[in-house]
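J.: Below is one structure. I have some questions about it.
The values are calculated or read from the model by the stated rules, or taken from the named source; none is laboratory data. Just so we're clear, the structure is a prediction, and the values are computed from it rather than from any experiment. Here the Cβ is made from the backbone with ideal geometry for all residues, glycine too, and neighbour counts use every protein chain on show.
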Amino acid sequence: MARPIQPTIRTHAGESAGEGVTPEEFRDAVSYWATGVAVLAVREDDDVEAITVTAFTPLSANPPLVLACVGNDAAALYMVLETGRFTLNLLALGDRRAASAYAQRLPLEPSPFEAEGDPVLRGAPVSLVCRLWETHPGGDHRVVIGQVERVVRGGEGAPLLYYRRGYRALENGED
């Protein structure tokens, strides 16, 4: 007989999550998890604020929801909260320059985003245009959940990956 799914998460009384683990040790440990790379961008009037994120995942197909984690001090987070919209641009291997620039919070000139409307990154294989669904606290980050309103298909190419604190490619270049 199958066991029912428990509706709650139990923790051990008195234990502190992460006790004894330094932020540096934690970052090193999770660097062994390979992820895709995306640029979260938000437009307010003529201003586009963008930040590279590796903490991104699809969350639900119905309704179509995605999740990204954004640092509490990121200007893009404040703009998302203010405008209620953002775009997640999933990057290809050829997008390393954009990934590096936005990870360091540097602007690119000329802007690689579409001139008007939602900030879709030209050439990105896929851009997910989202309406803010909700947010949740997550330590030094904020969990941002968006409902995908539009999918924009762009260029082709192998995905840009992040592993052991560096950008990588699939071994054979394809899926």
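J.: When you go through (1) in contact with a Gly (Cβ under 8 Å, 6 or more places away or on another chain); (2) closer than 21 Å to A115 by Cβ one by one for F56, which number turns out not to apply?
T.: (2)
J.: Right, something else. Condition first: within 19 Å of G155 (Cα to Cα) and either of a type in the set (A, V, I, L, M, F, W, C) or touching a Leu at 6+ places or on another chain (Cβ under 7 Å) (or both). Now tell me which residues in segment 81-107 satisfy that.
T.: T87, L88, N89, L90, L91, A92, L93, D95, R96, A98, A99
J.: Just to be sure I understand the filter: pairs with C-beta atoms under 6 Å, separated by 6 or more residues or on different chains, first member in segment 133-146 and in contact (Cβ under 8 Å) with a residue 40 or more places away in the chain and under 23 Å from E19 (Cβ atoms), second member part of a strand (DSSP E or B) and among the small types (G, A, S). Which pairs pass?
T.: H141/G71
J.: Being assigned to a helix (DSSP H, G or I) and modelled with pLDDT under 50 is the filter here, so list the residues in segment 1-45 that pass it.
T.: Residues satisfying the conditions do not exist here.
J.: Follow-up. Going residue by residue through segment 69-78, is there one that turns out to be modelled with pLDDT under 95, part of a loop (DSSP other than H, G, I, E, B) and either crowded, with 18+ Cβ neighbours inside 10 Å or among the small types (G, A, S) (or both)?
T.: yes
J.: Can you report the number of residues in segment 126-155 which are at pLDDT 95 or above and part of a loop (DSSP other than H, G, I, E, B)?
T.: 0
J.: Mind counting the residues in segment 35-91 that are of a type in the set (K, R) and free of Cβ contacts under 8 Å to residues at least 40 places away in the same chain?
T.: 0
J.: Out of segment 80-97, which residues are buried (at least 22 other Cβ atoms within 10 Å of the Cβ), at pLDDT 90 or above and part of a helix (DSSP H, G or I)?
T.: V80, the sole residue that qualifies.
J.: Would you say E156 is farther than 30 Å from A29 by Cβ, free of Cβ contacts under 8 Å to residues at least 60 places away in the same chain and either surrounded by fewer than 16 Cβ atoms within 10 Å (Cβ to Cβ) or in contact with a strand residue (DSSP E or B) (Cβ under 7 Å, 6 or more places away or on another chain) (or both)?
T.: Considered against the rule, which asks whether it is farther than 30 Å from A29 by Cβ, free of Cβ contacts under 8 Å to residues at least 60 places away in the same chain and either surrounded by fewer than 16 Cβ atoms within 10 Å (Cβ to Cβ) or in contact with a strand residue (DSSP E or B) (Cβ under 7 Å, 6 or more places away or on another chain) (or both), E156 comes out as no.
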